[in-house]
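The structure under discussion appears below in the form of structure tokens.
The values are calculated or read from the model by the stated rules, or taken from the named source; none is laboratory data. The model shown is predicted, which means the values in this text are computed figures rather than measured ones. Don't worry about glycine lacking a Cβ; one is built from the backbone with ideal geometry, like all the others, and counts go over all protein chains shown.
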Amino acid sequence: MTLRTKIESGKFIVCAEIEPPKSSNGDVIRRKAGQLDGIVDAVNLTDNQTAIVHLSSIAAAKILLEEGLEPIMQMTCRDRNRLGIQSDLLGAAALGIHNVLCLTGDHQKFGDQPEAKGVFDLDSIQLVAMVDQLNKGRLLSGQEMKQATGFLIGAAANPFAKPFEMRLIRLHKKIQAGARFIQTQPVFDLPLFTRWMERVVDQGLHENCAILAGVMPIRTAKTIEYMRLNVSGIKINEDHIRRLNSSSDPESEGVSIAVETINTLKEIKGLRGIHLMPARWLDSVPVIVREAGLKSIN
């Protein structure tokens, strides 16, 4: 069953994320695919994550497809103009890649080549609309194509950035533009996420789009402290820092926190799945899926 049919059938979705290597070594993707095989429904391949050069998300998605897993190819607006994006999307479709996550992309100033020129010809909402147009058989120029694409379109949402109301407006625009699934930023503030989901349900936004909550397992207090100080738009639970600092086994504690978070998220009305963001800790995913009882849901 594909990600599209699982979403359409109302099944609870479990996704994870792989960061392609900073080299041309495709075996890294093959090895990581083996760790997730039979564990999750689909796997994100990031697109030059944190504005640092990695193996192409298109190439990584194709390798994952060959390994028998369903890829979600990320596509950012930072590195390509509308010509390059459309060309890459047509190429991905020709390779059998049918899920795309449309993102703005981390600004290049946060990467290791801050002198790089950002493109940002389109924003993420315009990118969603453009992919929807490709699905209808037209290029952005209006020219008809002989064969339309068939992408399942995804987008991102950050329930924790301010202003709160603008997060809901942007979500509505992405769904209106054609997004059929949404992956959120990692949830560390459960009360705020719950309030956001209540508003999502009140507005009926969950009816036409599957909302997947981001969960990021944290293995050290140093990591979560760094995020608290340096990552905008993320509100860290101070209790998580305390627990990781006081634990004799921080990795085990990090898994426990992730499982507890998932168990709470599963009870939130309107939520359709979990997106695990292991941040170079892929080994944690099978453990978390098992301990949170996610495998039995699928």
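General observations
- Residue 153 vs. criteria outside any helix (DSSP H, G or I), on the phi < 0 side of the Ramachandran plot and touching a residue at least 60 places away in the same chain (Cβ under 8 Å): no
- For segment 45-63, filtered to residues that are part of a loop (DSSP other than H, G, I, E, B), of a type outside the set (Gly, Ala, Ser) and over 15 Å from the mean Cα position of the chain (by Cα), the residue that is surrounded by the most Cβ atoms within 10 Å (Cβ to Cβ) is 55.
- Residue within segment 17-34 that is of a type in the set (S, T, N, Q), surrounded by 13 or more Cβ atoms within 10 Å (Cβ to Cβ) and touching a residue at least 12 places away in the same chain (Cβ under 8 Å) present: no
- Residue match in segment 85-107 (condition: touching an Asp or Glu at 6+ places or on another chain (Cβ under 9 Å) and either farther than 23 Å from residue 171 by Cα or charged (D, E, K, R) (or both)): no
- Matching residues, segment 228-270, being closer than 25 Å to residue 199 by Cβ and not in a helix (DSSP H, G or I): 231, 232, 233, 234, 235, 236, 237, 266, 267, 268, 269, 270
- Subset of segment 172-194 (residues that are touching a residue at least 40 places away in the same chain (Cβ under 8 Å) and either small (Gly, Ala, Ser) or part of a strand (DSSP E or B) (or both)): 177, 178, 179, 181, 183, 184, 185, 186
- Taken together, the criteria place residue 274 among residues that are under 17 Å from the mean Cα position of the chain (by Cα), closer than 22 Å to residue 196 by Cβ and in contact (Cβ under 8 Å) with a residue 24 or more places away in the chain.
- Residue in segment 281-297 that is modelled with pLDDT of 95 or more, surrounded by 13 or more Cβ atoms within 10 Å (Cβ to Cβ) and touching a His at 6+ places or on another chain (Cβ under 6 Å) present: no
- Flag for residue 272 being basic (Lys, Arg), within 15 Å of residue 206 (Cβ to Cβ) and either at pLDDT 95 or above or touching a strand residue (DSSP E or B) at 6+ places or on another chain (Cβ under 8 Å) (or both): yes
- Residue check, residue 146 of a type in the set (D, E, K, R), surrounded by fewer than 17 Cβ atoms within 10 Å (Cβ to Cβ) and modelled with pLDDT under 95: no
- Single residue of 218, 211 found to be of a type in the set (A, V, I, L, M), under 19 Å from residue 277 (Cβ atoms), at pLDDT below 95 and surrounded by 13 or more Cβ atoms within 10 Å (Cβ to Cβ): 218
- Unique residue being of a type in the set (Gly, Ala, Ser), touching a helix residue (DSSP H, G or I) at 6+ places or on another chain (Cβ under 9 Å), farther than 27 Å from residue 132 by Cβ and buried (at least 19 other Cβ atoms within 10 Å of the Cβ) when the list is 273, 254: 254
- Residue in segment 100-109 that is over 19 Å from residue 57 (Cα atoms) and either more than 19 Å from the chain's Cα centre (by Cα) or in contact (Cβ under 8 Å) with a residue 40 or more places away in the chain (or both) present: yes
- Answer residue from segment 220-252, given it is without any contact (Cβ under 8 Å) to a residue 12 or more places away in the chain and of a type in the set (D, E, K, R) and is farthest from residue 160 (Cα to Cα) among those: 249
- Among (1) of a type in the set (A, V, I, L, M, F, W, C); (2) touching an Asp or Glu at 6+ places or on another chain (Cβ under 7 Å); (3) closer than 28 Å to residue 262 by Cβ - the single one residue 177 does not satisfy: (3)
- Condition check for residue 154: within 27 Å of residue 71 (Cα to Cα) and either in contact with a Phe, Trp or Tyr (Cβ under 7 Å, 6 or more places away or on another chain) or modelled with pLDDT under 95 (or both): yes
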